[in-house]
1. Name the pairs whose Cβ atoms lie under 6 Å apart, with the first residue in region 31-58 and farther than 16 Å from ALA215 by Cβ and open to solvent by 40 Å² or more (accessible area, probe 1.4 Å), the second in a strand (DSSP E or B) and not small (Gly, Ala, Ser), and 6 or more positions between them or separate chains?
2. Give the residue, chosen from ALA206, ALA215, ALA236, that is among the hydrophobic types (A, V, I, L, M, F, W, C), outside any helix (DSSP H, G or I) and open to solvent by less than 40 Å² (accessible area, probe 1.4 Å).
3. Within region 10-28, can you find the residues that are surrounded by fewer than 21 Cβ atoms within 10 Å (Cβ to Cβ) and of a type in the set (A, V, I, L, M, F, W, C)?
4. Looking only at residues in region 59-90 that are farther than 19 Å from TRP202 by Cβ and in contact with a Leu (Cβ under 7 Å, 6 or more places away or on another chain), which one is surrounded by the most Cβ atoms within 10 Å (Cβ to Cβ)?
5. Would region 124-141 turn up any residue that is closer than 23 Å to PRO57 by Cβ and aliphatic (A, V, I, L, M)?
6. Would you check which residues across region 134-150 are open to solvent by less than 10 Å² (accessible area, probe 1.4 Å), closer than 25 Å to LEU97 by Cα and out of contact with any Phe, Trp or Tyr (no Cβ under 8 Å at 6 or more places or on another chain) and list them?
7. Checking GLY245 against (1) under 24 Å from ARG101 (Cα atoms); (2) touching a residue at least 40 places away in the same chain (Cβ under 8 Å), which single condition isn't satisfied?
8. What's the total number of residues in region 173-202 that are in a helix (DSSP H, G or I) and open to solvent by 70 Å² or more (accessible area, probe 1.4 Å)?
Amino acid sequence: MEPVARNARREAEERLQGRYETRVLEPSPPTVTKAPWFADDPIALGDGPFARPVISPVSNSEVAWDELAREDEELAQWCAARWLGAWRRLEQPPEHLVRTRGALHKVAEHVMSPTRKRANGKIALRYTWGGFGTPFFGKDVQIRVAGDALIVQVGERVQHGRLTTLEDAAEFIGFDLTRYDLAGADEPMQVDEQASVWLGEWFGFAASVLQQLRAESPKELEVSRVQLWPEHFDMAVELGSEQEGRRATYGISPGDEQHEQPYVYVSPWEGVPDDAELWNARGFRGAELSCGGLLEAGDQRECALTFLRERRDALAVSRRAP
């Protein structure tokens, strides 16, 4: 399917025929030029009051997408595709996940993120329908990946091309790679479309879970935004008082050098609490829930949320081991 210009919040408004003030998980234009985030907050309610009821993918509004979707099968399918409600089950990772993840990690870290940084100093990315991309920057510009396509949207104009090499990707969006010494920039990236689509679903699941955790956590936990960090290529939110030594990163990763398979994790910024049963991670200080454990759960989304909530609550009261 030919990529089109996207405005996720406007699409949601039109889907509900203007009956609701909508909130979605994806970035939407226009460009935000206000510090410190230089990006829209997809679930923020604002000051209101609103003339219409607010509908959100998380539990911070009058109506939830999941609630509305129960009464409308077509809407349920629309919501499920965007991780707004009627949540689908994640399937087993496809065969070529590792090599595809490595290739897309390079695109995110060395092409997409630096292009956004050049515009406003920010590096973080977000979930977008079917993949991941930048928040809107500059003159309503967004760069995103869906399947094996690299898409550049400028206002209502869209260009796209297949992901072949890192060098070609940079040239396509006008980013100068010559200032970096990147080995293999001209080598084929071997992006498997099926694996890339699966990663898009993983990031959609991650955004849904972490935005819910963020929405329900008390303000005194100094909750950050949910962002996809290009260096680690995982999605995360930060919660807890740094001053009291209780701050931690709560994340959902598609895998890394120490974890071939995806996983959910909590990584305290200081020493981990002294409850070994809760803090079981390998390769870092913290806790992890394996992809296998998550996929076997009857309710995968609730399984991930329970794992994160238990450790958030434990950090609020526990002593930490050095």
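1. Correct list of pairs: PHE50/GLU21; ARG52/GLU21; PRO53/VAL63.
2. Details: ALA206 fails: outside any helix (DSSP H, G or I); ALA215 fails: outside any helix (DSSP H, G or I).
Of the residues listed, the single one that is among the hydrophobic types (A, V, I, L, M, F, W, C), outside any helix (DSSP H, G or I) and open to solvent by less than 40 Å² (accessible area, probe 1.4 Å) is ALA236.
3. LEU16
4. Keep residues of region 59-90 that are farther than 19 Å from TRP202 by Cβ, which gives 59-78.
Filter once more, so that each one left must be in contact with a Leu (Cβ under 7 Å, 6 or more places away or on another chain): 60-61, 65, 68-69, 75.
Numbers: ASN60: 17, SER61: 20, TRP65: 29, LEU68: 19, ALA69: 20, LEU75: 18.
Among residues in region 59-90 that are farther than 19 Å from TRP202 by Cβ and in contact with a Leu (Cβ under 7 Å, 6 or more places away or on another chain), the one surrounded by the most Cβ atoms within 10 Å (Cβ to Cβ) is TRP65.
5. yes
6. Result: THR134, ILE143, GLY147.
7. Condition (1) is where GLY245 drops out.
8. 4
The values are calculated or read from the model by the stated rules, or taken from the named source; none is laboratory data. None of these values were measured; they are calculated from a predicted model. Here Cβ is always computed from backbone atoms with ideal geometry, including for glycine, and neighbour counts include all displayed protein chains. We work out accessible area using only protein heavy atoms, side chains counted, and drop any ligands, DNA or RNA first. Shrake-Rupley method; radii C 1.70, N 1.55, O 1.52, S 1.80 Å.
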